[in-house]
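Working notes, structure below.
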Amino acid sequence: MRDRTFAPRRIWIYLVVSLIAAAWLAPLIVVVLNSLRTNEEIAQGSMIGWPQHLAWSNYAAAWSGFCVAETCAGIRPYMLNSALVTIPATIFSTMLGAIAGYAVSLWRFRGDTWIYGIVTLGLFLPQQMRLLPWTIVLRDIGLINTLAGLVLIHTIQGLSFTTLFCRNYYVAIPHELIRAARIDGAGFFRIFWRIILPLSAPILIVTVIWQFTHIWNEFLYGVTFTTGQQQPVTAALIALSAAVADIPQHGVQSAAVIIAALPTLLIYLLGGKYFVRGLTAGAVK
Amino acid sequence: MSNTAAIRPGGPALPEWVRRLPEYLMIWVPLLLSAAHLVSFSLWTIWISFTPSTLIPVTGWVGLRNYTAVAASRNWQIALDNLLLFGCAFVVLSAATGLILAILLDQRIRGENVLRSIFLYPLAVSFVVTGTVWSWLLNPGLGIQKLVHDLGWTSFRFDWLIDRDMAIWTIVIAAIWQSSGFAMALFLAGLRSVDADIIKAAQIDGAGPVRIYRRIILPSLWPITITVVVIQLQFAISTFDLVRALTNGGPGIATQLPALVVYDLMFQRSLLGRGAAAAVLMLLILLAVLLPYAAWRYFQRRRAAHA
């Protein structure tokens, strides 16, 4: 219960919680340790083991050495692709979502409920329903197999989340604030810039973290709309494990996995509170 | 408001709509694009599902033939069986794990923040990474089984990854590991919002902790439970990356799921009409979960408004 009167029971609680926490950390620890073991060392034993000596060379190989398909540039070009897709798409979708959320919550215009309702349906529509149309559209506008195409997709699709997040946040801002500013002659953008934006830091952080994590981790669009050198890092990881299936290089692969997971893990460590807020905000609408 | 332009000194009296054009553009263009793509892409996919399209989309009408072909295929039937098993097992077990974790963390223990971060960190990592890592751990020649063998217990068996009947459970394991933290976060928020006065009153009446949980706290969690179940089901129905990285549908087609069938039909076999039909079937499965939930939410809200 919520008091501290049951001392013996509390030891059990700590024991159980620590055991589960250890199980939750185990995969991460295993991969980190493997990324520091040589391929031969792993091949002799199992994936689970302590490094005999720290094989930092795995990281160099993973970053810029090993081969996927015909190119041997490591994971670096794919990390760059992911960054070039994720950063612009996160900025665009957050900016546009903030303005749309602000318009829908504080300005009210004809048809706002309808259009907002349809946009939020995007949270539920499976990606599979959009794969073929996106393929055709991207081909027609010449953006198939380009990073710009992925930026476009993630910006438009991200709007569903960003508009929802921002709208739910701005709805709580008192309307009198807006009304007073309008009487003083301030227009749509000036109110946004002077009044709304300064209040928006918490929700913008949540939105940026959420978008960044989702777009960085996305796989289906990446693998469907891009090939070869244009793929984001999630797709490249799959291509890598297929490429080395005959002669596995588990040390290097582990290092590649760590590198690919690092950006979102770092963001999680730095902004965990906001990450969780986005998680629960997306759930409880 | 419409006459503010007239009073503003020095400004030429532009018509209102011209003056406000930038804001209209900024509001409407993104929203319309988003809404239009959702509606038109859905209709487009539905339309393709009724055409004889194979390599490229073509016009024509084949009625429900694509649907019957998909529904009759072994791939799809296995995918549906798997979805049923995976969906139920994953949703029940991850909700249960999440609830247990939330109750444990709710005991005012030290290090709660650290523990919460540990249970939630898998959600920050992509399913491709998770699936790859679990494929190593569960690989009998490489992971847990190999470790136990090396330690001397050579009859130990944990080879679900290559066992046709058990392979789907490897996906359940990985999915639970990845998303129980999400259930925990929601349940924990629910536990913290239980009225402290009611609990105090029950304690004064002599109710023990188990009784308070069973009679007061857990019953108040059921709306959150439904939300958790629906969201996890939605995830289960569209699971793709995790399976792609963990088993790639194998061994054979033993861990096929609807999202993999859609991808396979559309982009590997170039049967666009059938792929679209499978995608629409996926949507229908999803609606079978979401529509009752939406109706329930609607009535909840109406009751709250009347109360």
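The values are calculated or read from the model by the stated rules, or taken from the named source; none is laboratory data. Note that the structure is predicted; figures quoted are calculated from it, not measured. With ideal geometry, Cβ positions are generated from the backbone for all residues, glycine too; neighbour counts draw on all protein chains shown.
Within the group A:212, A:219, which residue is modelled with pLDDT of 95 or more and under 25 Å from residue A:142 (Cβ atoms)?
Going through A:212, A:219 in turn, just one is modelled with pLDDT of 95 or more and under 25 Å from residue A:142 (Cβ atoms): A:219.
Any idea which residue in segment A:226-239 is farthest from residue A:92 (Cα to Cα), counting only those that are more than 9 Å from chain B (Cβ to nearest Cβ) and out of contact with any Phe, Trp or Tyr (no Cβ under 7 Å at 6 or more places or on another chain)?
Once the filter is applied, the top-ranked residue is A:239.
Do you know which residues across segment A:26-82 are of a type in the set (Asp, Glu) and assigned to a loop (DSSP other than H, G, I, E, B)?
A:70
State yes or no: is residue B:55 in a helix (DSSP H, G or I) and of a type outside the set (Phe, Trp, Tyr)?
Judged against the criteria, residue B:55 is not a match.
Kindly evaluate residue B:157 against the criterion of being at pLDDT 90 or above, at negative phi and away from chain A (no Cβ under 11 Å).
So residue B:157 does not fit the description; no.
Please work out which residue is nearest to residue B:70 (Cα to Cα), limiting yourself to segment B:267-277 and to residues that are facing another protein chain (nearest Cβ under 8 Å) and small (Gly, Ala, Ser).
Of everything passing the filter in segment B:267-277, B:275 is nearest to residue B:70 (Cα to Cα).
Considering only residues that are among the charged types (D, E, K, R) and more than 10 Å from chain A (Cβ to nearest Cβ), look in segment B:196-210 and name the one that is farthest from the chain's Cα centre (by Cα).
B:205
Of the residues that make up segment B:255-266, is at least one surrounded by fewer than 21 Cβ atoms within 10 Å (Cβ to Cβ) and within 8 Å of another protein chain (Cβ to nearest Cβ)?
no
If a residue has to be of a type outside the set (A, V, I, L, M), surrounded by fewer than 24 Cβ atoms within 10 Å (Cβ to Cβ) and within 11 Å of chain B (Cβ to nearest Cβ) to count, how many in segment A:90-105 make the cut?
1
Return only the number of the condition from (1) assigned to a helix (DSSP H, G or I); (2) without any contact (Cβ under 8 Å) to a residue 24 or more places away in the chain that residue B:78 does not satisfy.
Among (1) assigned to a helix (DSSP H, G or I); (2) without any contact (Cβ under 8 Å) to a residue 24 or more places away in the chain, residue B:78 violates only (2).
Out of all the residues in segment A:106-115, which are more than 7 Å from chain B (Cβ to nearest Cβ) and either among the charged types (D, E, K, R) or surrounded by 21 or more Cβ atoms within 10 Å (Cβ to Cβ) (or both)?
Answer for segment A:106-115, where residues must be more than 7 Å from chain B (Cβ to nearest Cβ) and either among the charged types (D, E, K, R) or surrounded by 21 or more Cβ atoms within 10 Å (Cβ to Cβ) (or both): A:106, A:108, A:110, A:112.
Would you confirm, using the coordinates I've provided, whether residue B:167 is over 28 Å from residue B:292 (Cα atoms) and either of a type in the set (Ser, Thr, Tyr) or modelled with pLDDT under 90 (or both)?
Here the answer is no, as residue B:167 does not meet what is asked.
Filter segment B:143-169 down to the residues that are within 23 Å of residue A:219 (Cβ to Cβ) and crowded, with 21+ Cβ neighbours inside 10 Å and list them by number.
B:143, B:161, B:167, B:168
Tell me whether segment B:293-306 contains one or more residues that are of a type in the set (A, V, I, L, M), more than 10 Å from every other protein chain (Cβ to nearest Cβ), part of a helix (DSSP H, G or I) and closer than 28 Å to residue A:216 by Cα.
no
Conditions (1) within 30 Å of residue B:140 (Cα to Cα); (2) part of a helix (DSSP H, G or I), marked per residue:
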{"site": "B:207", "(1), (2)": "no, no"}
{"site": "B:219", "(1), (2)": "no, yes"}
{"site": "B:225", "(1), (2)": "no, yes"}
{"site": "B:236", "(1), (2)": "yes, yes"}
{"site": "B:256", "(1), (2)": "yes, no"}
{"site": "B:276", "(1), (2)": "no, yes"}
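Across segment B:267-291, which residue is nearest to residue B:77 (Cα to Cα) among those that are over 22 Å from the mean Cα position of the chain (by Cα), surrounded by fewer than 23 Cβ atoms within 10 Å (Cβ to Cβ) and of a type in the set (A, V, I, L, M, F, W, C)?
B:271
Search segment B:220-254 for residues being within 13 Å of residue B:286 (Cα to Cα) and not aliphatic (A, V, I, L, M), and hand back the single one that is nearest to the other protein chains (Cβ to nearest Cβ).
B:238
Counting only residues that are in a loop (DSSP other than H, G, I, E, B) and under 18 Å from residue B:233 (Cβ atoms), how many does segment B:142-189 have?
0
So is residue B:193 touching a residue at least 24 places away in the same chain (Cβ under 8 Å) and within 12 Å of another protein chain (Cβ to nearest Cβ) or not?
No.
Inside segment A:180-285, counting only helices (runs of 4 or more DSSP H) that do not spill past its ends, which hold 3 or more residues that are exposed (fewer than 14 other Cβ atoms within 10 Å of the Cβ)?
Those helices (runs of 4 or more DSSP H) span A:250-270.
Considering A:163, A:135, which residue is crowded, with 16+ Cβ neighbours inside 10 Å, of a type in the set (S, T, N, Q) and either over 21 Å from the mean Cα position of the chain (by Cα) or not in a helix (DSSP H, G or I) (or both)?
One residue alone meets the criteria, A:135.
How many residues does segment A:116-132 hold that are within 7 Å of chain B (Cβ to nearest Cβ) and part of a helix (DSSP H, G or I)?
Qualifying residue count, segment A:116-132: 8.
The rows are residues; the columns are (1) assigned to a helix (DSSP H, G or I); (2) without any contact (Cβ under 8 Å) to a residue 12 or more places away in the chain; (3) surrounded by fewer than 19 Cβ atoms within 10 Å (Cβ to Cβ); (4) more than 7 Å from chain A (Cβ to nearest Cβ).
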residue: B:94; (1), (2), (3), (4): yes, no, no, yes
residue: B:97; (1), (2), (3), (4): yes, no, no, yes
residue: B:107; (1), (2), (3), (4): no, yes, yes, no
residue: B:116; (1), (2), (3), (4): yes, no, no, yes
residue: B:120; (1), (2), (3), (4): yes, no, no, no
residue: B:130; (1), (2), (3), (4): yes, no, no, yes
residue: B:133; (1), (2), (3), (4): yes, yes, no, no
residue: B:137; (1), (2), (3), (4): yes, yes, no, no
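Being touching a Gly at 6+ places or on another chain (Cβ under 8 Å) and either within 17 Å of residue A:126 (Cα to Cα) or free of Cβ contacts under 8 Å to residues at least 12 places away in the same chain (or both) is the filter here; which residues of segment B:245-262 pass it?
B:257, B:260, B:262 - these are the residues of segment B:245-262 that are touching a Gly at 6+ places or on another chain (Cβ under 8 Å) and either within 17 Å of residue A:126 (Cα to Cα) or free of Cβ contacts under 8 Å to residues at least 12 places away in the same chain (or both).
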